[in-house]
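Take a look at the structure set out below.
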């Protein structure tokens with residue numbers, strides 16, 4: 001998307017908020033503590049043809065903080081991804097409870 005072409009539909013009608021003249025509203029929380037929360041602004045790219053969206057952390061200092069404080073995601077093989085479905089295959093019936101604990 002950063003190249004100006006949508007990877008989903010191939011359109012070149014991609015828009016971005018990287019030229020914003022206002023504070024970023026699209027952020028993620030990257031840390032918190034006694035001195036307050038830390039937020040990272042995101043550069044967002046949107047294909048206005050199909051609606052596909054990609055977001056990137058805007059500042060290198062925030063990427064450095066994330067690298068230092070967040071857990072690493074372990075690479076999975078294609079086989080392990082096939083064996084771990086995204087949605088469960090078994091469903092368990094759960095009784096419906098009201099806030100006071102009475103089942104109905």
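The values are calculated or read from the model by the stated rules, or taken from the named source; none is laboratory data. Since this is a predicted model, take the numbers as computed values, not measurements. Glycine also receives a Cβ, built like all others from the backbone with ideal geometry; neighbour counts cover every protein chain displayed.
Brief remarks follow.
- So residue 46, is it modelled with pLDDT of 75 or more, under 30 Å from residue 5 (Cβ atoms) and not in a strand (DSSP E or B): no
- Restricted to the stretch 70-81, and to residues there that are more than 17 Å from the chain's Cα centre (by Cα) and either modelled with pLDDT of 90 or more or assigned to a helix (DSSP H, G or I) (or both), the residue that is farthest from residue 28 (Cα to Cα) is 79.
- Among the candidates 15, 38, residue that is without any contact (Cβ under 8 Å) to a residue 40 or more places away in the chain and closer than 15 Å to residue 3 by Cβ: 15
- Of all the residues in the stretch 7-38, those that are surrounded by 14 or more Cβ atoms within 10 Å (Cβ to Cβ), over 14 Å from the mean Cα position of the chain (by Cα) and modelled with pLDDT under 95 number 6.
- Residue 67 at pLDDT 85 or above, over 14 Å from the mean Cα position of the chain (by Cα) and in a loop (DSSP other than H, G, I, E, B): no
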